[in-house]
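Engineer: I have a structure here, written as structure tokens, and I will follow up with some questions on it.
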Amino acid sequence: MRLRPGDSDQKRLYVYNRSVLTPQQYTELWAIERDWVVRRAAEHEERAPRFGFRIELIDALHDLLAKEQAEPSDGEYFLAEEATLDQFGVVAAEFAVDGLVESQSHLGILQRLPSRSRMAVLRVLIDEFGCGNDDMEHSHLYRDLLTELGMPTDLEHYVERAGDASFAYVNLFHWLADRAPEPEYFLGAYAYFEASVLYAFKPFAAATKRLGIASDRYYTEHLYIDSFHSKQMQTAIRGLGEHREVDLAKVWAGITLTSEIIGEATAAAITRARVAAA
């Protein structure tokens, strides 16, 4: 993947996260993350409730999920009920920088977790990679979707065109897995993500059905399996707690930061689709 003068920090970070870096590039990566995600994570941690017990955090997570599910955005309604095939293609293109490499950004967390917590996360990742079945790997399902839409399946094509919010969505998980100071941030983020997909992907699945897109398994597979995944992530948090005291404020910061950045990415992709049609 190539970088050019004037490329945004988020694009540079995305390319760096998938490259072997020189010391100078690694220094730049740290500087970009410091001014972006490290700062935002600290703000979310500062605002976190002072949970006394893990169950209080889980209850708060469930409350957040219920609130989001009960209050879908106008953009989500537009995607499910109004978007044309071309507009849906714009949204699919924006998320291709994630869909074509899905879960590769998560792998670094495994070496940072104790055994029981690591095994719970690994059970989720095994599903993401299709349980060894090439045809069921989630990135393969995304390629099937793009192919049916008549779009390229080459990652480079989308890296040249994606918006910063789409890059940030992937860059967040690279930081959470590899460079966040504690694994709590990742565990909170992934617990939120796996549970929120159960409603967040419904507008996408509804759009594929309405538009007659047969390659919908990328979305429907998540709706099927992520209930199990969300339970595994709660097991991962509990497993870390069996190893040492868990910093619940950092877990909550991972939850709310991820909710915020995914919301920004989804809104930006749908706005881009609307503007393209106009």
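The values are calculated or read from the model by the stated rules, or taken from the named source; none is laboratory data. The shown structure was predicted, so the numbers you read here are calculated from the model rather than taken from an experiment. Methodologically, a virtual Cβ is constructed for each residue, glycine included, from the backbone with ideal geometry; neighbour enumeration extends over all protein chains shown. Please note that ligands, DNA and RNA were not included when accessible areas were found on the heavy atoms of the full protein model with its side chains. Shrake-Rupley method; radii C 1.70, N 1.55, O 1.52, S 1.80 Å.
Engineer: About the Cα centre, and with charges only on the beta carbon of Lys, Arg (+1) and Asp, Glu (-1), how big is the dipole of the chain? Nearest 20 debye, please. All intermediate terms of the calculation are to be shown ahead of the outcome.
Structural biologist: Values: 29 positive and 44 negative charges, 106 e Å.
Value, rounded to 20: 500 debye.
Engineer: Something else about it: Rank Ile32, Leu13, Leu61 by how far each Cα sits towards the positive end of the charge dipole of the stretch 8-67 (+1 on Lys, Arg Cβ; -1 on Asp, Glu Cβ) and give me just the farthest.
Structural biologist: With unit charges placed on the Cβ atoms, the residue in question is Leu13.
Engineer: Separate question: Express the relative contact order of the chain as a whole percentage, based on alpha carbon pairs under 8 Å and six or more residues apart in sequence. Display every interim value, and only then the final one.
Structural biologist: On the way: 322 pairs, mean separation 87.5, N = 278.
Here the relative contact order equals 31 percent.
Engineer: Continuing with the same structure: Between Glu245 and Arg179, what length comes free when the chain is fully extended (0.36 nm per residue of separation minus the Cα-Cα distance, one decimal in nm)? It would help to have the intermediate numbers written out before the result.
Structural biologist: Numbers: separation 66, 0.36 × 66 = 23.76 nm, distance 2.00 nm.
Contour length minus the Cα-Cα distance gives 21.8 nm.
Engineer: Could you tally the net charge around Ala273, taking each other residue with its Cβ under 14 Å from the Cβ of Ala273, Lys/Arg +1 and Asp/Glu -1?
Structural biologist: Working: positive: Arg161, Arg272, Arg274; negative: Asp74, Glu76, Glu81, Glu82, Asp86, Glu94.
Its environment carries a net charge of -3.
Engineer: While we're looking at this one, here's another question. For the chain, what is the calculated [θ] at 222 nm in deg cm²/dmol (nearest 500), taking -39500 (n - 2.57) for each run of four or more DSSP H residues and dividing by its residue count? All intermediate terms of the calculation are to be shown ahead of the outcome.
Structural biologist: Values: 15 runs with 193 residues, N = 278.
It lands at -22000 deg cm²/dmol.
Engineer: A further question follows. To the nearest 0.05, how large is the calculated FRET efficiency for Ala66 and Phe228 if R₀ is 30 Å and r is the Cβ-Cβ distance? Walk me through the numbers on the way to the answer.
Structural biologist: Details: r = 19 Å, r/R0 = 0.65.
According to the calculation, E is roughly 0.95.
Engineer: Below 8 Å between Cα atoms, with a sequence gap of 6+, how large is the relative contact order for the stretch 130-278 in percent? Could you put the intermediate results ahead of the total?
Structural biologist: Numbers: 122 pairs, mean separation 49.6, N = 149.
With pairs under 8 Å counted, the relative contact order is 33 percent.
Engineer: Less than 9 Å Cβ to Cβ from Leu3, Lys/Arg counted +1 and Asp/Glu -1: what total charge do the surrounding residues give?
Structural biologist: Numbers: positive: Arg2, Arg4, Lys11, Arg12; negative: Asp7.
After counting each charged neighbour, the total is +3.
Engineer: Farthest toward the dipole's positive end in the stretch 160-215, which of Phe167, Pro181, Leu198, given Cβ charges of +1 (Lys, Arg) and -1 (Asp, Glu) about the Cα centre?
Structural biologist: Leu198
Engineer: Shifting gears a bit: Could you give the size of the charge dipole of the stretch 175-278 about its Cα centre, using +1 on the Cβ of each K and R and -1 on the Cβ of each D and E, expressed in debye and rounded to the nearest 20? Before the final figure, lay out each step's value.
Structural biologist: Values: 11 positive and 12 negative charges, 113 e Å.
Once rounded to the nearest 20, the dipole reads 540 debye.
Engineer: For Met136 and Trp30, what is the calculated FRET efficiency with R₀ set at 30 Å and r taken between the beta-carbons, to the nearest 0.05?
Structural biologist: Values: r = 36 Å, r/R0 = 1.21.
The computed FRET efficiency comes out at 0.25.
Engineer: Also: Using a Gaussian network model of the chain whose springs link C-alpha atoms within less than 10 Å, name the residue from Leu211, Leu13, Leu122 with the highest mean-square fluctuation.
Structural biologist: With Cα springs under 10 Å in the chain, the top fluctuation among Leu211, Leu13, Leu122 is at Leu211.
Engineer: Suppose we look only past 17 Å in the calculated P(r) of the stretch 118-189. What percent of the Cα-Cα pairs does that tail hold?
Structural biologist: Numbers: 1573 of 2556 pairs.
In whole percent, the long-distance tail amounts to 62.
Engineer: Could you compute the longest span of the chain free of trypsin sites (Lys or Arg not before Pro) located in DSSP loops and having at most 16 other Cβ atoms within 10 Å, not counting the site residues?
Structural biologist: Between the exposed loop sites, the longest stretch runs 51-160.
Engineer: Sticking with this structure for a sec: Which of Ser103, Ser115, Ser259 moves most in a GNM of the chain, Cα contacts under 10 Å?
Structural biologist: Among Ser103, Ser115, Ser259, the largest mean-square fluctuation in the Gaussian network model of the chain belongs to Ser115.
Engineer: At 1.4 Å probe size, what's the solvent-accessible area of Asp9? Round to the nearest 10 Å².
Structural biologist: In the full protein context, Asp9 sits at about 90 Å².
Engineer: Calculate how large, on average over all directions, the projected area of the Cα convex hull of the chain is; give the answer in nm² to one decimal.
Structural biologist: Working: hull surface 58.0 nm².
With every direction weighted equally, the projected area is 14.5 nm².
Engineer: For Val275, what accessible surface area do you get with a 1.4 Å probe? Give it in Å², rounded to 10.
Structural biologist: Val275 has an accessible surface of roughly 100 Å² with all protein chains in place.
Engineer: Number of Lys pairs in the chain with C-alpha atoms less than 30 angstrom apart, excluding same-chain neighbours closer than eight positions?
Structural biologist: 10
Engineer: Quick one: net charge around Leu21, please, counting Lys, Arg +1 and Asp, Glu -1 for every other residue with C-beta under 14 Å from its C-beta. Kindly include the intermediate steps, with their values, before the conclusion.
Structural biologist: Details: positive: Arg12, Arg18, Arg179; negative: Glu28, Glu33, Asp178.
Net of charged neighbours comes to 0.
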